[in-house]
Structures are given as C-alpha cells and as structure tokens.
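Enquirer: Let me give you the structure first, and then I'll get to my questions.
The values are calculated or read from the model by the stated rules, or taken from the named source; none is laboratory data. These numbers were taken from a predicted model, which means no experiment stands behind them. As a convention, Cβ positions derive from the backbone with ideal geometry for all residues, glycine included, and neighbour counts pool all protein chains shown. Each accessible area value is taken on the protein alone, full model and side chains, heavy atoms only, with ligands, DNA and RNA left out. Shrake-Rupley method; radii C 1.70, N 1.55, O 1.52, S 1.80 Å.
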Amino acid sequence: MDAFFASAEQASKPSLRGKAVVVGGLGPRGVVATASYEARVFGVNSAMPMAQARRLAPNAAYLVPRFGFYRSISEQVMGLLRALSPLVEPLSLDEAFVDLEAGGAARDAESARVTGERLRADIRAVTGLTGSVGLAASKMIAKIASERAKPDGLVLIEPGTERTLLGPLSVRTLPGVGPATGDHLRRAGITTVDEIAEAGEDELVRLVGKAHGHGLYAMALAHDERPVVAERETKSVSVEDTYDVDIHDRVRVGLEVQRLAGRCVRRLRAAGLSGRTIVLKVRRYDFSTLTRSETLRGPTDDPGVVREAAARLLDSVDTTGGVRLLGVGVSGLADYTQEDLFAQAAGEQADFLEEEHAEEERGEEQAAPVERRWPAGHDVHHAGFGHGWVQGSGLGRVTVRFERPEDSGPGRVRTFRTDDPELEPAEPLPLVARASGESPGVVMPLAGRGPDEGLAEPLSSVARGPDVPPAVPVASRGPDEPPDEPTSSAEPGLGDSQGELLQSVARGPGAGPVQPTPLAVPGSGDPQGALLASVVPDTGAGLTVSLPVNPPAFDDRQSEALSLIARRPGVQPASPTAPEIRSPSDALPAGPAHVSSEPASLPKSWSGRDGGGPTSRP
C-alpha cells in the first residue's frame, strides 16, 4: 500500500486530500509513522523525530494513528491476496509476499502482469486506496520492484534481468543492510551492489562477519531461495513504553516495570502461549540501552512469576541518571505452562493488592473527574452535527471538522468544550460506501439487461420531444440477441447511454435537472405515470427512476411512444389503472418538493495542539 496510514487518513477526510499529512506520535519524543507524498516533498519521512518534521513542514496536518481503522483495511487487502493464493506472507499491515504460482494465478510473465493489474484494481474498488505491485521470481527482487513501483504502479522484473537491475543500486537497497553496515561498507570503498559482487565472498566475510557476509554476497548475485511462508512462528511477546519526560524516581520505575509485565502477560495469554525467558529492556537518559534476561525452570504465563522476574532484573540496572524507555518481554515460547505454586500464590496476592489500588484510584477519579482527551484525527459524533474528526484540542476546547469520506469537499468546523455532553468518540466510517456509484436519477444494479433494439428509438423520441431530429443511436440489442457479457462487475447493468436516456424519459422534454424523490416506481396516478411504470419493469430488475419536481406533461406523440415501449412484441397493453407507488408514505404531498438550503455559516475554527500519542521516539 502507498503511504498507507496517511493515504487512509486522506481518503476518510476530504479536507486533507492533496495536502501534507503526517501520522505519528505528537508528544515531545514522538516519531513519524507515515508521511503522505505531499509531506515528503518537504523532506518528511518515516521514523523521523516529530519535532524535526514540524520544522520541515509546519503547515502539515499532524494526526494520531488510528490502528484499529488501519487494521480493518489491512484485513480487506489480505483477503484479496488470499483469494489469489494460499501462500500469503504478511510483513506488516500494508505489505505482504504472495506466491502466485502456488495459487495458479500466474503461469508466465504476462499472466502475472494481468493478475497484478487486476489486484490493483480490486484494492482500489474495495478500499478506495492505491497499492503498488512488484512482480519477480524471488522475494528480494519483488520487494525492490514494489518500491520502484510506488506510488500506484506495477513493475515486473523478468527472470534473468535481476543482476542488471541490482548492479547500480546502493548497498542499502539489499535487505539486512542498515545504516551501520552501510557505513562500514562505504569506509571499505563499497557503495553499490556491483561492488559487493566484485569484492568477493571472502572479503565480505572479513568485513561484516561470516553469517552476514555469505548472505550479502548471495543477495548481490540475486540469489534468494527463501520461500513464501504463510504462517510465521511467534518468537517472543513484548511491550515497551517511551516516556515524554525521563523517570528519575526509582519507585516509579519499579511500578512501571510491574505494569508492563502485566500487559505482557495479558498479550501472552491472548495468544495462548507461555514462555521461559523473561527479558527487561532499559534505555537510559543518554540513549544507552541495557538488556537483562532470566530463564525460568519451565514456561509460564502467570503474571506473578513474570513480575517477580522483571523486578529481580531491574535490581541489577542502574537508573540514577533517568530512564526514557522501559520494556518487558517473554521469549522461549510454548503452548503449555509449568506452574510455580509459590510464585502463583504471590501473584494472586499481588493481583489482589493491585485490584484494591485500582478501586482506590477509581474512587478518586469519580471524586475529581479528569478532562476528556480528544486525539487529533480521531473520529467523533455530535448529536447536532453528525460525524466528524478532531482537528485539535487544548485549553478545555476541542475543534471538530464535520465531514464524511463520501463528501466531495471540505466540511464545516466547530469548536466545543471538551466536556460537551453531545460530543462522543465514534467508530471510523468505511472508505467505500456500499451504495457508491448510484446515479441520482436512475438507480440500478450493476447487472441487468438494457432496452431491446427497436425500443431505444421510441424511448429516444420521448426524451427529445416533438420536432427534434433523431438522437445518435445508443448501444442496445435486439429481442433475439443474447445478453451482453458482464463488464467490470459480477452483475449486469444498463449502459451509461441507456441510463441517461431513461433519465430523460423520467424528466420529460424541457425539464431541468432531476430532484430525486423517494418513489421506488415513478408515477402519481395519472396516465403518463402509468406509462412510465409499465416501462420500468421491462428494462431491468430493480430499476428506480426519480421524477423531477412538477414534471411537464407528455404530448400525444410521446405518450404513444411510451405505450409502444410498454407493450413490446407479445406483451398486452398496459392497464390504465394507476401504478403502485412504493414510498414511505401512502400519499404524496401537493406542490413541489422542498429542497433544503445551504446551512448557515459557522463560527471561525479554533486550533489547538494535542498533547501526545501512542507512537514515541525511543
């Protein structure tokens, strides 16, 4: 997916489309998770400190990530990939390897290209977002091809041309070559992939070590035999937090470690796993990182055991100068446990004390309610204004822009108190509405037959009115011709020209643009309504024609043409009775329908700044 988090935010917020958007932690130590392509023009990139991003692009929109929303879109995309092949290896929420040959989706380069183009179209149709596809014979080359295809493209690397592609590229292009290894190779005079191949395997082993040297040389020769693995075994489970301000109090450090241990165990149990090795990670004020571990006699998922082990590990770490990051993890995983009864009893006592402490805190919170937090970019709903998203908050105020993904332009902005009872957090709206693409005048499924040949001209004459030359013929078919093959959908549908023609019939000659009414079948009991009602069921299942406000009457020639269409060969004349009206009410109000005017202008927005976010710079 292309700039996934930022693209999803732009798609759900019409006012941000085409503008610089940065998603990440907004606190003092936050980092950029994703930057839109408009923000990258200013030099903003992923993993950059948020403070630096704000200096480079001060006018960009800075939003807190909505991981649940991104995960739901990712599941849709992964579903499309699994429909192509049973071998799908996810790398992250927005990236995966797919073995097309295993699913029979590709036999050669041309069929692979067709499959890739179809996949890109399906991703856009299902999610409303763009994705890039890289096609190659190995995982490494496919990854490089997908990067070259961004944004919204497809790159196919023919087998046998890999060395030509890799040769001039930087050594940082190869997987596993980070800043440290890249600098080490640069000091040795190696900057391109060709130079890695020329240096030879022995020289690379001497420079970067045996394991890394052998793998690096193989990748430089475009050798990558790694298979696509659908299921990856979990190696460890861990949690960590970065703090906006260094923690100096040793007691608080200990409490934070206990809290992180509890979170780690909850995540471990949710996965149905247990582990033997407890790991503590501490990053101090000077960015030095210390890791301590302890291996137990057997695997456990008991919170008391993990807390005690983490506390023992913390005793061996000096935190005098302050701590900026803490983490607790469990490795050596298994799907069974070997309980320590004494530790289990201690854990139950610790859980009891923790629950008592939590109840005391809840009582204090009820006595002194805290101000509600409104993260920038998150969804809200207001009882009077509907769905919107938070633009900013602070000083007891929250600014909300009210708009939906399907809106064509920016929405209105209002500012409220943070404790406004009518403002509540809301779930994100889907990017692609199920009813998208429906015409306001003719609503039909993407599937059904069009008017028969010979009926199009009488229908056209109705739309033209008297004394008007014949219209350009529209695409249609005769009564004996088989139905057309479906085009871009699984369901048949009337063509654009036919749909436009039926709108003209509904409007009548000289009528203005259609104002849709809630009628499912047009007509109001008069003869022309009866004629139109007899036309509608014959031209496509589920067709809905919206009548204009106060449509003009048809003349005799048009009525006769409609009668001809309604009868068709072998069909009895339409009954002169009034058609059935499917509408919410039994009768229509007299006079023209009311069309609401533009809403009154709203007060000028107030801009604030959110205080932090879940993504932080370690």
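Enquirer: Based on the mean of other beta carbon atoms within 10 Å per residue, what is the order of 197-203, 4-10, 392-398, 307-313, most packed first? Write out the running numbers ahead of the final one.
Expert: Working: 197-203: 14.9, 4-10: 25.7, 392-398: 17.7, 307-313: 20.7.
Order by mean packing, descending: 4-10, 307-313, 392-398, 197-203.
Enquirer: Kindly provide the Kirkwood hydrodynamic radius of the range 162-219 in Å, to one decimal, from all pairs of distinct alpha carbon atoms. Working shown, then result.
Expert: Working: mean 1/r = 0.0908 Å⁻¹.
About 11.0 Å for the range 162-219.
Enquirer: Could you please report the charge total around residue 12, scoring K, R as +1 and D, E as -1 over all other residues with beta-carbon less than 13 angstrom from its beta-carbon? Each step should come with its number before you reach the end.
Expert: On the way: positive: 13, 17, 66, 401, 404; negative: 9, 379, 403, 406, 407, 427.
Overall, the nearby charge balance is -1.
Enquirer: A follow-up question, please. Around residue 32, which amide H atoms from residues at least 5 apart in sequence, or from another chain, sit under 5 Å from its own amide H, with H modelled in the peptide plane?
Expert: Under 5 Å from the amide H of residue 32: 47, 48, 50.
Enquirer: Here's another thing I want to ask about it. If you filter the range 66-110 for trypsin sites (Lys or Arg not before Pro), then keep DSSP loop positions with at most 12 other Cβ within 10 Å, what is left?
Expert: On the way: sites: 66, 71, 82, 107; in loops: 66, 107.
Within the range 66-110, the qualifying trypsin sites (Lys or Arg not before Pro) (loop, at most 12 other Cβ atoms within 10 Å) are 107.
Enquirer: List the residues, sorted by chain then number, that are 5 or more residues from residue 426 or on another chain and whose placed amide H is less than 5 Å from its amide H.
Expert: The answer is 379, 380, 381.
Enquirer: Quick one: grab the alpha carbon gyration tensor of the range 50-162, order the square roots of its eigenvalues as a ≥ b ≥ c, and give me rounded if a/c is under 1.5, else prolate or oblate depending on whether a/b is larger than b/c.
Expert: Numbers: a/c = 2.39, a/b = 1.65, b/c = 1.45.
Cα axes put the range 50-162 in the prolate bin.
Enquirer: Keeping all protein chains in place, calculate the accessible area per residue for the range 223-335 (probe 1.4 angstrom), answer in Å².
Expert: Numbers: 5830 Å² over 113 residues.
Each residue of the range 223-335 exposes 52 Å² on average to a 1.4 Å probe.
Enquirer: Full extension from residue 417 to residue 248: what is 0.36 nm times the residue separation minus their Cα-Cα distance, to one decimal in nm?
Expert: Values: separation 169, 0.36 × 169 = 60.84 nm, distance 3.51 nm.
Stretched out fully, the residue 417 to residue 248 stretch lengthens by 57.3 nm.
Enquirer: Now for a separate question. Post the alpha-carbon centroid distance, the range 262-281 to the range 87-159, in whole angstrom.
Expert: About 35 Å separates the Cα centre of the range 262-281 from the one of the range 87-159.
Enquirer: While we're here: Using the Karplus curve 6.51 cos²θ - 1.76 cosθ + 1.60 with θ = phi - 60°, work out ³J(HN,Hα) for each residue of the range 387-396 in order, rounded to whole Hz, and write x for Gly and Pro.
Expert: Values per residue, Gly and Pro as x: 7, x, 9, 7, 8, x, 8, x, 6, x Hz.
Enquirer: Another question, then. How large is ³J(HN,Hα), in whole Hz, for each residue of the range 41-50 in order, when computed from phi with the Karplus curve 6.51 cos²θ - 1.76 cosθ + 1.60 and θ = phi - 60°, using x for Gly and Pro?
Expert: Listing the rounded values in order: 4, 8, x, 7, 9, 4, 6, 7, x, 4 Hz.
Enquirer: Another question about this same structure. At most 12 other Cβ atoms within 10 Å and a DSSP loop assignment: could you name the trypsin sites (Lys or Arg not before Pro) in the range 185-243 that fit?
Expert: Values: sites: 186, 187, 206, 210, 232, 235; in loops: 232, 235.
Of the trypsin sites (Lys or Arg not before Pro), the ones in loops of the range 185-243 whose Cβ has at most 12 other Cβ atoms within 10 Å are 232, 235.
Enquirer: On a straight-distance basis, which lysines could pair with residue 139 in a cross-link, Cα separation under 20 angstrom, same-chain partners fewer than 8 positions away excluded?
Expert: 150
Enquirer: Right, next: ³J(HN,Hα) across the range 136-150 via Karplus (A = 6.51, B = -1.76, C = 1.60, θ = phi - 60°), whole Hz, x for Gly/Pro?
Expert: These are the phi-based 3J(HN,Hα) values: 7, 7, 9, 5, 4, 5, 5, 5, 5, 5, 5, 5, 6, 7, 6 Hz.
Enquirer: Which net charge results for the neighbourhood of residue 218, defined as the other residues with beta-carbon distances under 9 angstrom from its beta-carbon, given Lys and Arg at +1 and Asp and Glu at -1? List each step's numbers first, then the result.
Expert: Values: positive: none; negative: 201, 224, 225.
For residues surrounding residue 218, the net value is -3.
Enquirer: So, one more: With Cβ to Cβ distances under 10 Å as the rule, what net charge do the other residues near residue 330 carry (K, R +1; D, E -1)? Let's see the in-between values first.
Expert: Numbers: positive: 267, 276; negative: 301.
The answer is +1.
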